[in-house]
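Only one structure is covered here, and it is reproduced in the block below.
The values are calculated or read from the model by the stated rules, or taken from the named source; none is laboratory data. Please read all numbers here as calculations on a predicted model, not as lab measurements. No Cβ is skipped: glycine too gets one built from the backbone with ideal geometry, and neighbour counts run over all protein chains shown. These accessible areas exclude ligands, DNA and RNA; they are computed on the full protein's heavy atoms, side chains included. Shrake-Rupley method; radii C 1.70, N 1.55, O 1.52, S 1.80 Å.
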Amino acid sequence: MAARYRGSVLGIIWALLTPVVMIAIFTLIFAGIFKARFGDSNSQWDYALYLFCGLLPWTAFQESLQLSSNTIVAHANLVKRVVFPLETLPVAQTLAAIVNQIFGTAALIIATAILRHEVHATILYLPLLVIPQIVATLGWAWLLASLGVFVRDIVQGITLFLMAWMYLTPIIYPESLVPDGYRTLVNFNPFTPLVRSYRRILLDGNAPDWWGLAYFSAFGLARFILGYWWFARTRKNFADVI
């Protein structure tokens, strides 16, 4: 993770500064101007906490996919080394993003303790959310790493795809604001129950959304199997294309 910021003036501080700026902007726009609120609280600080909580898993997921889509091409010198396990490159990107998320989660817990004067014991459910998240992310990362070799536009395309996916996920707005006509679409989104569960265990003191978590886990396992299968099948052609 530190290598990513080597040579920059602020270094690893960027890992914390970037989400802080995003939270400040979204809080100003949605909580300050549009008066969006999560739950019964009218506090903008509470909005910022719920926003931060939703952004943590999403940012890790988004970062992993964007970096993985170009990781094979970026390490072209390793492609022709038969002994090098190329499948570990997307894994490294995913784990680095998860480490960032862990640091962010620690910051969220500290902020919650300061602002709300409470820390819920339900944070012990956290591994039950992180593990299926890693599984799902790895599946996407392997798939996109392979596609990035054959379709170079995938790097730009995935940015647009992820932007649309984020706005279809109740991260910057509460689920209660979703109109009935769009609620089915939002609930079909597998990331919705994951974000909901993070907020339940870290901020509300409740157990995860078990049915939603099962749905996300099934989605993640299917994506994991498909992603690895596709990567393993196409890997032998990487050297010819690059």
Heavy-atom accessible area order for 163, 22, largest first, 1.4 Å probe: 163, 22
query: Using a 1.4 Å probe, what is the accessible area per residue for the range 169-242, in Å²?
result: 52
- prompt: Roughly speaking, what is the stretch gain from residue 210 to residue 183, that is 0.36 nm per residue apart minus the C-alpha to C-alpha distance, in nm to one decimal?
  reply: 7.8 nm
- line: Note, the range 192-199: 3J(HN,Hα) by Karplus (6.51, -1.76, 1.60, θ = phi - 60°), whole Hz, Gly/Pro = x, goes 4, x, 5, 4, 4, 5, 4, 5
query: How far is the Cα center of the range 176-219 from the Cα center of the range 123-169, in Å?
result: 17
- prompt: For the chain, what is the calculated [θ] at 222 nm in deg cm²/dmol (nearest 500), taking -39500 (n - 2.57) for each run of four or more DSSP H residues and dividing by its residue count?
  reply: -21500 deg cm²/dmol
- prompt: Helix 44-68 versus the longest principal axis of the chain: what is the Cα-based angle in degrees, 0 to 90, to the nearest 10?
  reply: 10
task: Can you figure out the FRET efficiency of residue 22 with residue 118, using R₀ = 30 Å and their beta-carbon distance, to the nearest 0.05?
output: 0.75
- request: Set Lys and Arg Cβ to +1 and Asp and Glu Cβ to -1, take the dipole of the chain about its Cα centre, and tell me which of 110, 92, 208 lies farthest positive.
  value: 92
query: How far is it, in nm, from the label point at residue 222 to the one at residue 167 when both lie 7 Å from their Cα along the line to the Cβ?
result: 2.6
- prompt: Relative to the present Cα-Cα distance, how much length would full extension add between residue 160 and residue 241 at 0.36 nm per residue of separation?
  reply: 26.7 nm
- request: Please say if the range 154-231 is rounded, prolate or oblate, where rounded means a/c under 1.5 for a ≥ b ≥ c the square roots of the C-alpha gyration tensor eigenvalues, and otherwise the choice is prolate for a/b larger than b/c and oblate otherwise?
  value: oblate
query: So for 150, 188, 219, what's the accessible-area order with a 1.4 Å probe, most first?
result: 188, 150, 219
- prompt: What shape does the range 70-138 have by the C-alpha gyration tensor, where a ≥ b ≥ c are the square roots of the eigenvalues, rounded means a/c under 1.5, and otherwise prolate means a/b greater than b/c and oblate the rest?
  reply: prolate
- prompt: Carbon-plus-sulfur fraction of the accessible area of the chain, 1.4 Å probe, in percent?
  reply: 70
query: Where only protein heavy atoms count, and the probe is 1.4 Å, what is the accessible area per residue for the range 79-130 in Å²?
result: 56
field: Gain on full stretching of the segment that runs from residue 153 to residue 128 - 0.36 nm per residue minus C-alpha separation
entry: 5.5 nm
